[in-house]
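Single-structure report; data block below.
The values are calculated or read from the model by the stated rules, or taken from the named source; none is laboratory data. Just so you know, these numbers come straight off a predicted model, no measurement behind them. Heads up, the Cβs are rebuilt from the backbone with ideal geometry, glycines too, and the neighbour counts pull from every protein chain shown.
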């Protein structure tokens, strides 16, 4: 595993995103245990979670249980506070320490700042509170994760001296989103960047057949995901790239990828651009399945699954699309949507979910 210096320590180029660590303690966290043991034995010792990940904090609880057998100084914990968890910062942080079975947090963030929530993070006192915990040694490094626009991001940067920042950074968003502007702003301010969504929740690991042919024809030895990861890891402002690896096979593949110094050359980057351009024409909505939209949906609609089928409908126009929606694994149906708009305020990707549901309701 390649490492990069960060203040007085060295961090692995690849970190493990634990958002989907939801294994049951009843089976001794069997799958997650194998993943963490492999990661630790191969130098992947940066683990990222959050207070709100998983039902009742399942992600933090899982990490706390499975990392507890390792010396505390042998790994780094990254977790977060979200505005939606309330203003009792003391109780929340103490609960996180208890879940993670630790006396301190290495990397702590205010979580998922958006244009809509920015002022709440500023006014509710959380920044000052957690900065105070850093002074006490309970937090080693204090930062933020952002899904905000450029103006809001710059305002946030100007609030204080941040140790690091986390942004959504991948080649697709570099071309068609704000990732390039975000990266350049943070790099200019010398704020180390932790990367989330390098594959957009796994969506970029599998492109359209035409896009994939371009890449596989040029490099049969590389997976589609490897193309995107190779591109991100060459950026000098990037500190650690987080990957929410779901299987041991993915973890092993990424370990090999991040243990070598190889990156894309200019010709390969141009080819990746062509593949993304083709892909963009064929996919209408890029949802990362982060699940934020589901948590507070009064109708309990499985919105990511709805969007997945919507893309299928827009691309392939299947004759049986109505029956597919009727049989979707979702407690609430699209016809149950009351148009409350809660999902819009929760979506980091700013997807106009209600417009999609309206379109599908008239099929």
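Each row is one residue, and each column tells you yes or no for (1) modelled with pLDDT of 95 or more; (2) in a loop (DSSP other than H, G, I, E, B); (3) in contact with a helix residue (DSSP H, G or I) (Cβ under 7 Å, 6 or more places away or on another chain).
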site: 151; (1), (2), (3): yes, no, no
site: 162; (1), (2), (3): yes, yes, no
site: 165; (1), (2), (3): yes, no, yes
site: 175; (1), (2), (3): no, no, yes
site: 183; (1), (2), (3): yes, no, no
site: 186; (1), (2), (3): yes, no, no
site: 190; (1), (2), (3): yes, yes, no
site: 195; (1), (2), (3): yes, no, yes
site: 199; (1), (2), (3): no, yes, yes
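Condition first: over 22 Å from the mean Cα position of the chain (by Cα), at negative phi and without any contact (Cβ under 8 Å) to a residue 24 or more places away in the chain. Can you find one or more residues in region 139-157 that meet it? So far as region 139-157 goes, no, none of its residues is over 22 Å from the mean Cα position of the chain (by Cα), at negative phi and without any contact (Cβ under 8 Å) to a residue 24 or more places away in the chain. Please specify each residue of region 333-360 satisfying the condition of being modelled with pLDDT of 90 or more and in contact with a strand residue (DSSP E or B) (Cβ under 7 Å, 6 or more places away or on another chain). If the condition is that a residue be modelled with pLDDT of 90 or more and in contact with a strand residue (DSSP E or B) (Cβ under 7 Å, 6 or more places away or on another chain), then 336, 337 are the ones that fit.
Here residue 7 passes the criteria (1) touching a residue at least 60 places away in the same chain (Cβ under 8 Å); (2) under 18 Å from the mean Cα position of the chain (by Cα); (3) within 30 Å of residue 122 (Cα to Cα) except the one numbered (2).
Scan region 36-59 and report the pairs whose first residue is on the phi > 0 side of the Ramachandran plot and whose second residue is surrounded by fewer than 18 Cβ atoms within 10 Å (Cβ to Cβ) and modelled with pLDDT of 95 or more, with Cβ atoms within less than 8 Å and a gap of 6+ or a chain change. If the second residue must be surrounded by fewer than 18 Cβ atoms within 10 Å (Cβ to Cβ) and modelled with pLDDT of 95 or more, the pairs left are 43/3; 57/95.
If I ask for residues that are buried (at least 18 other Cβ atoms within 10 Å of the Cβ) and free of Cβ contacts under 8 Å to residues at least 40 places away in the same chain, which ones from region 258-284 would you list? Hit for region 258-284 is 264, nothing else. Residues in region 293-307 that are surrounded by fewer than 21 Cβ atoms within 10 Å (Cβ to Cβ) and either at pLDDT below 90 or assigned to a helix (DSSP H, G or I) (or both): 294, 295, 296, 304, 305.
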